[in-house]
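Notes follow the structure.
The values are calculated or read from the model by the stated rules, or taken from the named source; none is laboratory data. Nothing here was measured: the structure is a model prediction, and the numbers come from that model. Glycine gets a Cβ as well: all are built from the backbone with ideal geometry, and neighbour counts include every protein chain shown.
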């Protein structure tokens with residue numbers, strides 16, 4: 001049982017730079033994930049304009065019958081969002097932690113080009129550890 | 001979930017991994033010397049240092065935001081204070097003070113208390129036009145550009161050139177908010 005189904009990272013222009021599937025169902029191929037990422041980027045931007053409250057920072061949580069979508073946007077415009085089981089707790093902290101892993105293992109890699117797809121092994125390894133730790137603590141609750 | 005409290009520069013600086021300050025000073029000195037050998041023109045070296053700083057700044061800003069938990073600054077005054085008190089402390093271990101605000105609040109000076117880059121450094125007569133610490137101006141410019149602020153960052157006073165302090169002038173040229181995918185007139 002996976003609490004997290006998938007993780008997406010999109011750059012400030014809405015392009016998908018990282019996608020990881022953890023679920024057993026609902027796996028997507030590359031084209032679908034790219035399309036979904038740009039859809040989410042647009043929806044996020046539209047939600048900021050639709051908001052009745054000025055200074056809205058966009059959608060943080062989307063709750064549906066079969067999943068929750070938690071989104072974190074850094075002040076630099078990079079969005080981290082995770083599709084999880086309904087009612088999963090602690091996703092904001094996980095997203096913040098993933099942001100820190102991104103700043104360490106992706107941005108500090110001098111061979112990583114900004115805004116390009118992430119192909120950093122250290123990031124993958126540390127991300128897997130973080131997700132695993134979250135899964136373990138989730139099962140322990 | 002309660003929003004995370006912004007951390008002070010001291011707290012973050014205490015928690016990050018440190019490196020020998022002399023290694024840092026020597027490495028930076030080696031970079032400047034190599035650039036002078038390769039490019040020969042002092043103006044070119046200044047430009048290259050600024051470009052290197054820019055490339056650092058665009059990556060450093062996310063690290064800064066992740067570790068310090070600062071929220072969006074309401075105005076440029078707050079931005080300058082955050083750079084001086086949290087940013088410089090976190091990465092260089094020194095604090096800066098913010099002074100010389102202009103009437104519109106778009107231009108200010110950051111005066112560094114201390115500058116680890118210039119320990120043991122003296123500029124020879126052949127390099128009199130060199131802004132030795134120009135990498136710092138690039139870093140600030142790059143970092144601010146990633147949070148939608150176009151700025152011009154220049155050295156007003158430089159102790160290696162005979163002045164009494166290190167003064168960095170930061171001028172906000174314009175705020176460039178993010179473009180939305182859909183515009184009404186399209």
**Message:** Among the residues of the range A:117-137, what is the count of those that are within 14 Å of chain B (Cβ to nearest Cβ) and in contact with a strand residue (DSSP E or B) (Cβ under 7 Å, 6 or more places away or on another chain)?
**Reply:** 1
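With the requirement that a residue be outside any helix (DSSP H, G or I) and closer than 13 Å to residue B:117 by Cα, what does the range B:21-58 give you?
None; the set is empty.
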**Complete:** In the range A:6-33, residues that are surrounded by fewer than 17 Cβ atoms within 10 Å (Cβ to Cβ) and either within 14 Å of chain B (Cβ to nearest Cβ) or within 19 Å of residue A:77 (Cβ to Cβ) (or both) total 2
**Message:** For the range A:49-60, check the following and say yes or no: at least one residue is under 22 Å from residue A:15 (Cβ atoms), in contact with a strand residue (DSSP E or B) (Cβ under 8 Å, 6 or more places away or on another chain) and at the interface with chain B (Cβ under 10 Å from one of its Cβ atoms).
**Reply:** yes
**Asked** If we scan the range B:101-116, do we find a residue that is within 14 Å of another protein chain (Cβ to nearest Cβ), closer than 30 Å to residue A:101 by Cα and touching a helix residue (DSSP H, G or I) at 6+ places or on another chain (Cβ under 9 Å)?
**Response** no
**Asked** Just checking, which of B:77, B:18 is surrounded by fewer than 16 Cβ atoms within 10 Å (Cβ to Cβ), away from chain A (no Cβ under 14 Å), modelled with pLDDT under 95 and in a helix (DSSP H, G or I)?
**Response** B:77
**Message:** Looking at the structure I just gave you, is residue B:70 within 30 Å of residue A:94 (Cβ to Cβ) and surrounded by 14 or more Cβ atoms within 10 Å (Cβ to Cβ)?
**Reply:** yes
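Condition check ((1) in contact with a helix residue (DSSP H, G or I) (Cβ under 6 Å, 6 or more places away or on another chain); (2) within 13 Å of residue B:135 (Cβ to Cβ); (3) surrounded by 13 or more Cβ atoms within 10 Å (Cβ to Cβ)) across all residues:
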| residue | (1), (2), (3) |
| --- | --- |
| B:11 | no, no, yes |
| B:28 | yes, yes, yes |
| B:40 | no, no, no |
| B:44 | no, no, yes |
